[in-house]
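Colleague: The structure's right below; bear with me while I get my questions together.
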Amino acid sequence: MTVHTIYRTQTGKKRIQQYYEDYLTAFPKDLERQHVDIRFGSTHVLVSGPSDGKPVFVFQGGNCINPMTLSWFTGLFQDYRVYAPDTIGHPGYSAETRISAKDDSFALWIRDLMDHFGIEQSAFIGPSYGAGIILRLAAFQPERIACSILVSPSGMTLGSIPKMIRCILLPMLRYRLTSSEKALAQIADAMSCGTMKSRDAEIIGEIFKSVRLEQEMPKITGKKELERYGAPTLVIAGSHDIFFPANKVIQAAHRIMTTPETEVFPMGHFPSDIEILQINDRIKTFLESNYT
């Protein structure tokens, strides 16, 4: 466990946190913000939904800000008590402590959060890196998971490395050096099939410039690790996802899990507004059937 600042400059940190605050203006007025002190450091948690609603934990995508990916699931706020922590060691307001996504560290982090809120078992939703975190919990403490939804999930497989270098890494390096809008647009288009909101692209650009990115991906989960995991699971993947393409994700899901439900959308790593609505409808149907 290493403690250090993840930001290159304090000015960049302030800009990213201002983007965070701006994003929250579109969220429900009753949104709560709590700071929870646990073994890995303070964790900032966004909480919304009816106080007597069944709990749902939503984990953010990696190297982004929590409200960006949480905004994809606001359709759940009406019926469920949603807990969305800023991932520790990632941009936001949690401690800047980097912990490993290859051992039980994130499972312990989640357990501490659940214990703080008095939650024995919950549903979980995770896009991208967040899905990899849920798989760490499934490997080490599966009894805490009532059901899970993994969206464009890390922790199962990986797309073409040469393609990611060509479409993401090289343009990112150009953007860092030159602030080229063309390079940033190339990245945004590759991640979203040309549907990314301009604000999200701006935030990603700022993070590329101002954050020492988390480069360690969650561990690729093996079948043996999930021998004790039997909770209902929905895996949602994008056929044009440059990081975790649907054909590989669905194949991996059936290899390591027992009868997962799977759904493929014609989307990139970032869904369009229309796909977000469709994903929310699919998630609601899944929860109604599997989280009673």
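The values are calculated or read from the model by the stated rules, or taken from the named source; none is laboratory data. Note that this is a predicted model, so its numbers are computed, not measured. No Cβ is skipped: glycine too gets one built from the backbone with ideal geometry, and neighbour counts run over all protein chains shown. Note: areas computed on protein heavy atoms with side chains; ligands, DNA, RNA excluded. Shrake-Rupley method; radii C 1.70, N 1.55, O 1.52, S 1.80 Å.
Colleague: Tell me which residues, restricted to the range 186-216, are open to solvent by less than 60 Å² (accessible area, probe 1.4 Å), more than 20 Å from SER152 (Cβ to Cβ) and in contact with a strand residue (DSSP E or B) (Cβ under 9 Å, 6 or more places away or on another chain).
Modeller: Selection gives SER210, VAL211.
Colleague: Name the residue, out of ILE133, ILE110, ILE119, that is over 20 Å from the mean Cα position of the chain (by Cα), at negative phi and hydrophobic (A, V, I, L, M, F, W, C).
Modeller: After applying the criteria, what remains is ILE119.
Colleague: Turning to a different aspect of this structure: Can you name the condition, by its number, that ILE88 falls short on among (1) of a type in the set (A, V, I, L, M, F, W, C); (2) in a loop (DSSP other than H, G, I, E, B); (3) more than 13 Å from the chain's Cα centre (by Cα)?
Modeller: Going through (1) of a type in the set (A, V, I, L, M, F, W, C); (2) in a loop (DSSP other than H, G, I, E, B); (3) more than 13 Å from the chain's Cα centre (by Cα) one by one, ILE88 breaks only (3).
Colleague: Restricting attention to the range 261-292, which residues are touching a residue at least 12 places away in the same chain (Cβ under 8 Å), open to solvent by 10 Å² or more (accessible area, probe 1.4 Å) and outside any helix (DSSP H, G or I)?
Modeller: GLU261, THR262, GLU263, VAL264, PHE265, PRO266, HIS269, PHE270, PRO271, SER272, TYR291
Colleague: Return yes when ALA253 is of a type in the set (A, V, I, L, M, F, W, C), closer than 16 Å to LEU150 by Cα, part of a loop (DSSP other than H, G, I, E, B) and modelled with pLDDT of 95 or more and no when it is not.
Modeller: no
Colleague: List the number of the failed condition for GLY118; all other conditions in (1) surrounded by fewer than 21 Cβ atoms within 10 Å (Cβ to Cβ); (2) not in a loop (DSSP other than H, G, I, E, B) hold.
Modeller: The number of the failed condition is (2).
Colleague: Where residues in the range 249-260 are open to solvent by 80 Å² or more (accessible area, probe 1.4 Å) and touching a residue at least 12 places away in the same chain (Cβ under 8 Å), which of them is nearest to ILE161 (Cα to Cα)?
Modeller: Result: GLN251.
Colleague: What are the residues in the range 32-47 that are open to solvent by less than 40 Å² (accessible area, probe 1.4 Å), modelled with pLDDT of 95 or more and out of contact with any His (no Cβ under 8 Å at 6 or more places or on another chain), if any?
Modeller: Result: LEU46, VAL47.
Colleague: Okay, moving on. Could you tell me which of the residues LYS29, LYS54, LYS14 is more than 24 Å from ALA146 (Cβ to Cβ), open to solvent by 40 Å² or more (accessible area, probe 1.4 Å) and at pLDDT 95 or above?
Modeller: Selected residue: LYS14, the only one of LYS29, LYS54, LYS14 that is more than 24 Å from ALA146 (Cβ to Cβ), open to solvent by 40 Å² or more (accessible area, probe 1.4 Å) and at pLDDT 95 or above.
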